[in-house]
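The structure appears below as structure tokens.
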Amino acid sequence: MKAHPTYPNGVFYCLKYSVLKTFSLCLLLFLAPMFSGATPTDSLRKHLSTETIRLAVNPAWPPLEYINEQNEHSGLITEYTRKLIAQYQLPVKKQHFSSWESLLEGLKSGKADWVAGIHPTEERKQYLLFTKPFLRIPVVVLINKNYLKGDSLHLAEMKLSGVKSYASIEYMERTYPGIQIEKYPTDFEALVQASLGNTDGVIIDLFTASFLINKYGITNLSLGASLNYEWQVSMAVTKSRADLLPILNQFIDQLEPGYQQEVYAKFVTSDLLQKPSNSRWNPYSRTMLIIIIGLLILGILARQSIKKLQNILKHKTKDLKEANETLQYVVEAASDAILYINMKTKEFIVNDIHKITKKRMAMKPSELYHHWQEHVHPDDLPMLKEGIAQAFKSLDSTWECTFRIKDATGSYAHVRVKIFLFRTPGSPQIERIIGAIDDRTTELEKEAQLLFEKNNTEALINNTHDLIWSVDTKLRLLSANKPYINYIRKITGLHTKLGDPVLVYNGLSTQEVITWQKYYDIALSGKTITKEIHLEANQHEAEKWIEVTFNPIYKYTSVIGVAVNARDITERKKYTLAIEKQNSKLKEIAWIQSHEVRAPLARIMSIAMLIAETPPEEALFAELLHQLTESTHELDTIVYAISERAETLL
């Protein structure tokens, strides 16, 4: 059996923030050479300006070329085409296709003349002419983190997802015979399948992977393998429009580095690669080791310098005096009460005890040292004494405690004391105590009020059958009530938590993800929308209708998220449908009464008039009686049918 290459853990990377900036600069080196060429002739310009050029639009290759949420043609490559069309005043008509596969078929069948971003292959060269590449993008395999097995990765044994008709898929099938690849219409669908675990990984280019992961907040994919394969993004025209090729090549030659970098920065995110902690040594690791060793050497040198500085500082008595004076002013300016106790001399200094309770203290500063126990709340006094005793017995250098102390009004303020204990060297004996006392009454009251409001709000939003949740701008869960959490657990079996991406792990299909994404985007644009959504019956619950309202969340004037309320309106919907059905039957009865009843009734009236004018002995009289009987029976049948329909309304 043919051996396939394995990839050690050293090539595993998490999709984070560290390497892309360096990578981006290197990527610019891959861009096609930028040289000036000859300008097109006037005759060629005139020829091109008279014949419409049909541009094939790739609908789903973000951030390079795609149709965005506003249904606009967008992307890095699209910026190039806009500049090209404007520069040469080309008469272009955009031809839209539903997928990459249908776009290629359109080029083959002559429905389009030009595609702005495509990788050249031998098969495509049979019907297309290619320019020189203007962008090179590595193609990689992202794997689901749950797939990681041991120290190596065998691509031929994996089940991967990718985009149908992509050249990278054809490359993988040639390189790894027998590899299993599930093919989807777009990169997004292929990526979601890998994130959900339906495939072990996805074949995708780095630009598209970074864009989609950042947009949908996907965190469970890692860069499993670098394929030594890259998109050589070129422009291409059909052979019937070979006259366009010189213009396209000239445009690529004249692209300026500054412009390319500006367009690149507009569409390519900086969130990409970071090596995880369990990866093996690679050039980056060795570089970091050299840096660390260098820092250690600098640290040793710095320590030696510090020793010299300490000797110099011993002679800086003047500076110390100035620092002491400065400290006194700082203490006086502080909002806390600063205390100093000399245990040998019993010297006690406090800057202003009234600061700690905003002049509410019931005792004077001079009384604090000997009479503080009289003012402490009786319930807190034992705890406070025990804490002080433990601080003196232990060898700890700090001690902190919060307790209640009586103020001038007879009520109690909450104060916090934090002290530093300076001991005799080599002895537990305390020489000095320096500390601070601050009033926490207002802070604790605010905390209690916030806790009350939080509990009250939670009780309100949990005391409903509605599903209530909110997301940030990256559609990650900010908050949710219990009905929402229980519903997600019921549908998916997962316990959702704050920070989870709401569009990936809540059981939605790919089409539903796209629909919900559209609703979220509308709310993030600052608009409130309400949608009625029909949910088909499944193994977890019966058919139902829900009414969902999306409200933007503002911080000052910026939208920072979306608050969502989903209400079950199944019963209301059933009543509405029943009424609509009843109205339909009533309309049917009304139509019968106004049309079908009218015909026999008109005949009966006409026959009655003729009978009144015809002598009984004439043969016509008997015929009229027969027609009258027939019309009467017909009318009776119609009346009976109306009665049956009326009974179904009850």
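All of the numbers you see were taken from the coordinates with simple rules; none came from a lab. All figures in this text were calculated on a predicted structure; none of them were measured in a lab. With ideal geometry, Cβ positions are generated from the backbone for all residues, glycine too; neighbour counts draw on all protein chains shown.
For region 381-470, list log₁₀ I(q)/I(0) at each q in 0.20, 0.24 Å⁻¹, using the Debye formula over Cα point scatterers of equal strength and ignoring solvent, two decimals each. Each listed q corresponds, in turn, to -0.98, -1.17. The protection proxy used here, the mean number of other Cβ atoms lying within 10 Å of each residue, ranks peptides 623-634, 528-539 as follows, highest first: 623-634, 528-539. Once the gyration tensor of the Cα atoms in region 106-204 is diagonalised, the equivalent ellipsoid follows with semi-axes of 29, 14, 12 Å, ordered largest first.
As an equivalent ellipsoid, region 505-558 spans semi-axes of 26, 12, 9 angstrom, where each value is the square root of five times an eigenvalue of the C-alpha gyration tensor, largest first. For the listed peptides 158-171, 121-134, a ranking on the average number of other beta carbons within 10 Å per residue, highest first, reads 158-171, 121-134. Counted by Cβ distance under 12 Å from ILE579, the other residues give a net charge of +4, where Lys and Arg count +1 and Asp and Glu count -1.
Applying D = kT/(6 pi eta Rh) to region 462-524, where Rh is the Kirkwood radius over alpha-carbon pairs, T corresponds to 4 °C and eta to 1.567 mPa s, the Stokes-Einstein value obtained is 107 µm²/s. Share of pairwise Cα-Cα distances greater than 14 Å in region 170-220 is 54 percent (whole percent).
The residues packed around LYS159, meaning those with a beta-carbon under 11 Å from its beta-carbon, carry a net charge of -3 if Lys and Arg are +1 and Asp and Glu are -1. Measuring between alpha carbons in the structure, the pairs from LYS164/LYS474; LYS164/LYS215; LYS159/LYS215; LYS215/LYS474 lying more than 18 angstrom apart are LYS164/LYS474; LYS164/LYS215; LYS159/LYS215.
Pairs exceeding a 29 Å alpha-carbon distance, out of LYS145/LYS527; LYS518/LYS544; LYS490/LYS531; LYS145/LYS454; LYS454/LYS527: LYS145/LYS527; LYS145/LYS454.
The length gained by stretching the chain between ASP568 and THR52 to full extension, at 0.36 nm per residue less their Cα-Cα distance, is 180.5 nm.
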